[in-house]
Structure formats: C-alpha cells, structure tokens
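Here the structure comes first, spelled out in structure tokens, and everything after it is commentary.
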Amino acid sequence: MGFGLYQRKDLGAIDQIRSVEVRIDNQPTKRLQGKIVHINQFVDEANRNIEVLVECDNKDRLLKPGMYVNTQFEQLAAASIFIPAKAVLQFNDKSFVWVQLAPHTFMRRYVQTGVTENEQIQIIQGLSNGEQIIGEGAFYLLASN
C-alpha cells in the first residue's frame, strides 16, 4: 500500500477513477497497477492536497516505506458539461443554477459540481446537455424570489 496526493479542487472526479498506475523512478520499465482504497478526510492546509491510499501488488518488493513514486490516475471517459463558474450560485451548502423553462421563466436547479478550469466549472449532476441557463448576472434573480 502507498499513498498519493490529490488536489482538493479535483476531488469531485475521484469517483470516476478506474485504476492507478504506479511508476518507480529507479525502475522506469516497471509499472504497477493499483486501486484507491481510502481517501483521507482532511485537507493539508499548507498545500491544499488530500492523501489518497492506493493498494497495489508489491510481490517483487519494489516499493519501500517512504519511497517516492509517480502515479497516474486513469479516469473513466465521460462526457462532461462545463458552464461559466459565475453561473453557479450557493444556497447554504448547496450549489444551484437558474435554468430557463420558457422566455422570461427560470427555475432554481440544484447541481453537483466537479473540477474548475479556466473560469469554467464541471457539472456532474443536475443539468443536461442543451438546457439553457443564465451564465452571467444570475444573482439578480435572487432579488425577485
């Protein structure tokens, strides 16, 4: 067993990880396959990382305690919806967007978000492709509800 560090911003995608490839610097041709068995509950405040425990076969005893390795997380291919990050609003501890039902008619829809990249945020659950949302100025609708 070993552990790796996973950035907090990418934690939403960890459920989609299928396998972990472990590479050892002093054995460049050796690659071990592993799987995630535990995700730490605490974020390291200094670097905003989370420890991830990976289990892999070490029958050749290539892995040693305290050894540094490189890991490659293999994710399941999935179509993702990315929307402008400023379109996502917060209510208590939930994220939501305004979905257009008809001209000038909008509904609050709670969503589960994933990674944020280039001012875009991944929507994991709660929104379908092709649905129209308010991308900018969504907070103005809060005053009308």
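General remarks:
- In the set (1) at pLDDT 80 or above; (2) touching a His at 6+ places or on another chain (Cβ under 9 Å), the condition left unmet by ARG31 is number (2).
- Condition met for GLU131 (within 30 Å of GLN33 (Cβ to Cβ) and either at pLDDT 85 or above or within 17 Å of the chain's Cα centre (by Cα) (or both)): no
- For region 55-70, the criterion of being more than 21 Å from PRO28 (Cβ to Cβ), part of a helix (DSSP H, G or I) and at pLDDT 85 or above is met by no residue.
- Output for region 110-125, where each listed residue is surrounded by fewer than 17 Cβ atoms within 10 Å (Cβ to Cβ) and under 16 Å from LEU89 (Cβ atoms): TYR110, GLN112, THR116, GLU119, GLN120
- Within region 36-59, the set of residues being within 20 Å of ARG23 (Cα to Cα), open to solvent by 70 Å² or more (accessible area, probe 1.4 Å) and either more than 17 Å from the chain's Cα centre (by Cα) or acidic (Asp, Glu) (or both) comprises GLU51, GLU55, ASP57, LYS59.
For every residue, the table says whether it meets (1) under 27 Å from the mean Cα position of the chain (by Cα); (2) open to solvent by less than 40 Å² (accessible area, probe 1.4 Å); (3) in contact (Cβ under 8 Å) with a residue 24 or more places away in the chain.
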| residue | (1), (2), (3) |
| --- | --- |
| ARG61 | no, no, no |
| GLU74 | yes, no, yes |
| LEU89 | yes, yes, yes |
| VAL99 | yes, yes, yes |
| MET107 | yes, no, no |
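- Among residues of region 76-87 being open to solvent by 70 Å² or more (accessible area, probe 1.4 Å) and not charged (D, E, K, R), the one that is farthest from ILE24 (Cα to Cα) is PHE82.
The values are calculated or read from the model by the stated rules, or taken from the named source; none is laboratory data. Note that the structure is predicted; figures quoted are calculated from it, not measured. Every residue, glycine as well, gets a Cβ built from its backbone with ideal geometry; the counts of neighbours run over all protein chains shown. Protein only, heavy atoms only, side chains kept; ligands, DNA and RNA dropped before computing areas. Shrake-Rupley method; radii C 1.70, N 1.55, O 1.52, S 1.80 Å.
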